[in-house]
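*Asks:* Submitted below is the structure of interest, expressed as structure tokens.
The values are calculated or read from the model by the stated rules, or taken from the named source; none is laboratory data. Being a predicted model, the structure only gives us computed values, none of them experimental. Virtual Cβ from ideal backbone geometry, glycine too; neighbours counted across all protein chains shown.
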Amino acid sequence: MADVVLVTGVSRYLGGQFARQLTQDPSVKRVIGVDVIPPPHDIGRAEFVRADIRNPMIGKIIAQSEVDTVVHLNVIATPTQGGGRTSQKEINVIGTMQLLAACQKASTVRRLVVKSSAAVYGSSPRDPAMFTEDMGPKSMPRTGFGKDSVEVEGYVRGFSRRRPDVEISMLRFANIIGPTIRTSLTDYFALPVVPVPFGYDARLQFVHERDAVGSLLLATTGPSAGITNIAGDGVITLSQAAGMARRPVVPVPSMAAGLLGGAVKRSGLADFSRDQLQFLAYGRGLDTTRMREVLGFEPVYTTRAAFADYVRGLGAAVPGGAVLGSAVSGVAGTAASAISQVWAAGRND
């Protein structure tokens, strides 16, 4: 049972939805929502406190309010939401360090729930069909949100060694999707023409935004679960997802993927990073046995159903998009053929 819960990141969509639903739980006496800006959405009976978790002031808030449960949702997945990559890393890494330092000093804290990501597993051609929680990445994330998530989890493990009396649940979410939440992946599938890595068709796994909130609620008020994968059942391929979204695809050679990703990012249409491009090539699958057997959570939405619900709120493809996709695809195919010929010639030398 949680008496006083502090929630970070309540000004973002997921944090706000979680805080609002948590206030409806009669077993929770008080919910304190923390962020640097006031939430633009309803957070129910949660009390908003304007504070930066990168500042040691967060320790005073925890101590004065006698917080017993901390739910850390202020780990930002896309740089644009955090004011750029530098700010994103400071919030994710420095913010987590300061928050955990405050929790370590607070004798009232008995439970810590952390929103992590399946990005810690990376994406590579050597990956297993399904990652279990005790598996490590075949290719360690070296940039962006994936690297931040690895560092955040490292700090949480260090905290658990220093405060073994605190129950910890660290939820590794598959890509969260739905009709309302906005992420780099929802922006990607909203493009009028979807660029896909040439020669690949990645397996994708999603968790619906409602199931993400539901699992966080259970981790806060239910059993402690340790590290737990959270995802909907099943997978869909990248081409199947594009088809469901009614978007024409443009095969892009791997050598041009970085340039294309940078161009799309600069246009403001979607946010791409190197690890996201790898994910679109190789995909990722999560084993969710622990989610059911330890956390006791059963998602309402499968991966396919979650993506279908997202698609229902997605506008139709732009007029002429298919023609444009076909034209650009031909150019991309020609480029890929040229690259292959050069590579083959190099091997014959």
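*Asks:* Run down Tyr301, Tyr282 and say which single residue is modelled with pLDDT of 95 or more and either surrounded by fewer than 23 Cβ atoms within 10 Å (Cβ to Cβ) or among the hydroxyl-bearing types (Ser, Thr, Tyr) (or both). Full working, then the answer.
*Replies:* Working: Tyr282 fails: modelled with pLDDT of 95 or more.
When all the criteria are applied, what remains is Tyr301.
*Asks:* Another one. How many residues are within 20 Å of Thr183 (Cβ to Cβ), part of a loop (DSSP other than H, G, I, E, B) and either among the aliphatic types (A, V, I, L, M) or touching a residue at least 40 places away in the same chain (Cβ under 8 Å) (or both) if we restrict to the range 2-33?
*Replies:* The number of residues fulfilling the criteria is 3.
*Asks:* Let me ask another. For the range 18-30, which residues satisfy the criterion of being of a type in the set (D, E, K, R), surrounded by 15 or more Cβ atoms within 10 Å (Cβ to Cβ) and more than 22 Å from the chain's Cα centre (by Cα)?
*Replies:* Asp25, Arg30
*Asks:* A follow-up question, please. Name the single residue that is modelled with the lowest pLDDT among those in the range 104-138 being polar (S, T, N, Q) and farther than 14 Å from Val150 by Cβ. Steps first, answer last, please.
*Replies:* Here is the first cut: in the range 104-138, the ones polar (S, T, N, Q) are 104, 107-108, 116-117, 123-124, 132.
Of the ones still in play, those that are also farther than 14 Å from Val150 by Cβ are 104, 107-108, 124, 132.
Working: Gln104: 96, Ser107: 95, Thr108: 97, Ser124: 90, Thr132: 97.
In this case the residue turns out to be Ser124.
*Asks:* Checking the condition at pLDDT 95 or above, within 16 Å of the chain's Cα centre (by Cα) and surrounded by 18 or more Cβ atoms within 10 Å (Cβ to Cβ), which residue from Gly33, Gly82, Gly15 passes?
*Replies:* Values: Gly33 fails: within 16 Å of the chain's Cα centre (by Cα); Gly82 fails: at pLDDT 95 or above.
None of the other options fit; the residue is Gly15.
*Asks:* Anything in the range 88-143 that is within 24 Å of Asp287 (Cβ to Cβ), of a type in the set (A, V, I, L, M, F, W, C), buried (at least 19 other Cβ atoms within 10 Å of the Cβ) and more than 17 Å from the chain's Cα centre (by Cα)? List them, or say none.
*Replies:* As a first pass, look at the range 88-143 and keep what is within 24 Å of Asp287 (Cβ to Cβ): 112-141.
Now drop any that are not of a type in the set (A, V, I, L, M, F, W, C), which leaves 112-114, 118-120, 129-131, 135, 140.
Next, from what is left, pick out any that are buried (at least 19 other Cβ atoms within 10 Å of the Cβ): 112-114, 118-120, 131.
Listed by number, the list holds a single entry, Leu112.
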